[in-house]
1. Give region A:234-277 a look and list any residue that's within 26 Å of A:TYR3 (Cβ to Cβ), acidic (Asp, Glu) and without any contact (Cβ under 8 Å) to a residue 24 or more places away in the chain, or say none.
2. Tell me yes or no: at least one residue of region A:55-69 is open to solvent by 20 Å² or more (accessible area, probe 1.4 Å) and within 21 Å of A:SER220 (Cα to Cα).
3. Only residues that are in contact with a strand residue (DSSP E or B) (Cβ under 6 Å, 6 or more places away or on another chain) and within 15 Å of A:GLN122 (Cβ to Cβ): list them for region A:235-254, please.
4. Is it the case that A:PRO138 is part of a loop (DSSP other than H, G, I, E, B) and touching a residue at least 12 places away in the same chain (Cβ under 8 Å)?
5. Of everything in region A:306-335, what is part of a helix (DSSP H, G or I), of a type in the set (Gly, Ala, Ser) and more than 8 Å from the ligand (Cβ to nearest atom)? Give them in sequence order.
6. Suppose we keep only residues that are farther than 30 Å from A:ILE364 by Cβ and within 13 Å of the chain's Cα centre (by Cα) within region B:3-31. Which one would you say is farthest from the other protein chains (Cβ to nearest Cβ)?
7. Yes or no: region B:49-64 includes at least one residue that is surrounded by 13 or more Cβ atoms within 10 Å (Cβ to Cβ), touching a Pro at 6+ places or on another chain (Cβ under 9 Å) and under 25 Å from A:ALA228 (Cα atoms).
8. For region A:31-62, which positions are within 7 Å of the ligand (Cβ to nearest atom) and modelled with pLDDT of 95 or more?
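The values are calculated or read from the model by the stated rules, or taken from the named source; none is laboratory data. These figures come from a predicted structure and were not determined experimentally. Quick reminder, even Gly has a Cβ in these numbers, built from the backbone with ideal geometry, and neighbours come from all protein chains shown. Calculation scope for accessible area: heavy atoms of the full protein, side chains included, ligands and nucleic acids excluded. Shrake-Rupley method; radii C 1.70, N 1.55, O 1.52, S 1.80 Å.
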Amino acid sequence: MAYDYTPFPYVAPPGLTEPETRHPVVIVGAGPIGLAMAIDLAQQGVRSVVLDDNNVVSVGSRAICWAKRTLEVFDRLGVGDRMLAKGVTWKVGRLFHGDKPVYSFDLLPEEGHKYPAFINLQQYYVEQYLVERAQELPDLIDLRFLNKVTGHTDKGDHVVIDVETPDGTYQLEADYYVAAEGAASPTRKRMNLPFEGQTFEEHFLIVDVEMQQSPFETDSPERWFWFAPPFHHGQSALLHKQPDNIYRIDLQLGPDTDPKAEATEEKVIPRIKAIVGDTPFRLDWMSVYKFRCAKLDNFVHNRVLFVGDSAHVVSPFGARGGNGGIQDVDNLGWKLAAVLSGDAPAALLDSYSEERCHGSAENILNSSRATNFMTPKTPIEALFRNAVLDLAETHPFARKLINSGRLSQPCSLHGKTLQSGDHPLVGQSLIDAPVGNGWLVEQAQGAFTLLSIGDDAAPDVEGIRPLHIAAPSPELSRRYGAGHYLIRPDGHICACFGSADRDQITAALARAKGQSR
Amino acid sequence: MILQDNLGPNGDSIYNALMQAHAGLSEAESHALNARLVLMLINEVADPDRIAALLQEARSPASSV
Ligand SMILES: Cc1cc2nc3c(=O)[nH]c(=O)nc-3n(C[C@H](O)[C@H](O)[C@H](O)COP(=O)(O)OP(=O)(O)OC[C@H]3O[C@@H](n4cnc5c(N)ncnc54)[C@H](O)[C@@H]3O)c2cc1C
């Protein structure tokens, strides 16, 4: 069944009739990133106004692959279980070169994690669930649809924002302005910020079809990927299952094809038939797009903070767009809350830019490499690419070199300003494990947490939630070993200690909050 | 002969470096680069038995699309 795009109601904002008092945070854009940002702040008691020029969720499935770490963040935001229940978890991936199978792999999930490596779930569901979660927090989140931001002025200690509604215009003031307006970011353009990177010439045709009968040979959902697919003259194709029996087909078009001519039913239907055979299907959504990899040099400009696609865009291979944006939220949420409550200096926000610029550069690097592998630019590149695919039929080493997108993983923050020491786990993102009847991700996120594994408990330190596990599960022992781990609210480990020394812990906490260097 | 993965997490960056080495070369120049590279790698491996095995494996037919 086609998704029901029920519009969200527009309510005339109070600012139309009288000036509103200054808001701590105004978030521009109610895409997945702006919505997640509002929920994260609300859970820490920070009020925000979310403005969106539109009044429906994402039209079309857009981001469909949500990575494990994103689901763990969604867990913290109160929507993880719902996303997991609705999403499709696939296990078997098959790779083809032309019509020849190269190899298949079983993505057997490692035991002992609450969430799988990733799920497939249409962006419209993700946004719907986030909106519904935000609506559970009405005192803290003021969601305003059909409120378009047309201008802003940074006054040094606050930002003035111009908003247009169906009933006229008004102004708002905010301590902080979070730009979550997507790839076209009007804020970025108004500020004339360079947004540099690489544009790729290839166009993608994305088609969602609904079919009752699975195109896969087994009942369980699979991921099929073709290099040089036999059914169209492009470079690659991907077939993926989403909930509601909707299948995503991504066709990479050659640089010479006319994208408009390709996105027509006459052209698309024969290709789909070539993939799925005579199974009846319904075309649900179709879109052509071209991508680039680019980022801002700095995500923090005094009172204006950039998150999600407005800060960085990547090619789609490896699903790093939506997932990367959720990492921004995870990183910024606790920092902004700490700065607003006076618990940390404003300079803590610089570490958001430091850490997420690093993370998004890593995402761009990975997705550019995948793009280059998938679209050889010269005969020699094609020669090597085809040699890899040939060797992969028999040789495991070559399978590792096939790059159809490396799945989004959180970056390490090792060596960045807020982290202390050089234990190998420092900077890593939390690795889940069973704890008691639940999971580490349910207990160690959302506040500074000192995870102590083994006999010694840690001394009480103000501002740190202790989590002492005397009898760890085998997975917890294997993943961490005995010791004490200071975990930031976003799940990154910022210090490790062999023995629990109060002064050392206090110093590491101060450093992680930007209170000392 | 090592046919299991031996590059670990560096596979993508090494593959990328190989492509970079060819950037801007004509096809003839690329073939010459490949030849030099193979000879250098052979010298690096040195062991005649391993080289013989690698040559044989590389020659075994792999159908190209
Ligand atoms: C075809 C396609 C496939 C993709 N597949 C994946 C995938 O599999 N996995 C993945 O992780 N990512 C994927 N992405 C990327 C993903 O969709 C984006 O990274 C994600 O939507 C970014 O979220 P965002 O909230 O930053 O921006 P957006 O989702 O673009 O939201 C921005 C919001 O801001 C609003 N807005 C804009 N201007 C204004 C204004 N002036 N005033 C008020 N509101 C405004 C817009 O209406 C919109 O609601 C895909 C993208 C596309 C296009």
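1. Across region A:234-277, the qualifying residues are A:GLU265, A:GLU266.
2. Narrowing region A:55-69 to residues open to solvent by 20 Å² or more (accessible area, probe 1.4 Å): A:55-56, A:59, A:62-63, A:65, A:68.
Add one more test, that the residue is within 21 Å of A:SER220 (Cα to Cα), and what stays is A:65, A:68.
Within region A:55-69 (the criterion being open to solvent by 20 Å² or more (accessible area, probe 1.4 Å) and within 21 Å of A:SER220 (Cα to Cα)), the answer is yes, since at least one residue qualifies.
3. First, pick out the residues of region A:235-254 that are in contact with a strand residue (DSSP E or B) (Cβ under 6 Å, 6 or more places away or on another chain): A:235-243, A:245-253.
Once the filter is applied, which keeps residues that are in contact with a strand residue (DSSP E or B) (Cβ under 6 Å, 6 or more places away or on another chain) and within 15 Å of A:GLN122 (Cβ to Cβ), region A:235-254 yields A:HIS240, A:LYS241, A:GLN242, A:PRO243, A:ASN245, A:ILE246, A:TYR247, A:ARG248, A:ILE249, A:ASP250.
4. On the way: part of a loop (DSSP other than H, G, I, E, B): yes; touching a residue at least 12 places away in the same chain (Cβ under 8 Å): no.
Considered against the rule, which asks whether it is part of a loop (DSSP other than H, G, I, E, B) and touching a residue at least 12 places away in the same chain (Cβ under 8 Å), A:PRO138 comes out as no.
5. Filtering region A:306-335 down to residues part of a helix (DSSP H, G or I) leaves A:308-310, A:321-335.
When the remaining residues are screened for being of a type in the set (Gly, Ala, Ser), the result is A:308, A:310, A:321-322, A:324-325, A:333.
Of everything in region A:306-335, just one residue is part of a helix (DSSP H, G or I), of a type in the set (Gly, Ala, Ser) and more than 8 Å from the ligand (Cβ to nearest atom), namely A:GLY333.
6. B:HIS31
7. Scanning region B:49-64, I find no residue that is surrounded by 13 or more Cβ atoms within 10 Å (Cβ to Cβ), touching a Pro at 6+ places or on another chain (Cβ under 9 Å) and under 25 Å from A:ALA228 (Cα atoms), so the answer is no.
8. Listed by number, the residues that qualify are A:GLY31, A:PRO32, A:ILE33, A:GLY34, A:LEU51, A:ASP52, A:ASP53, A:ASN54.
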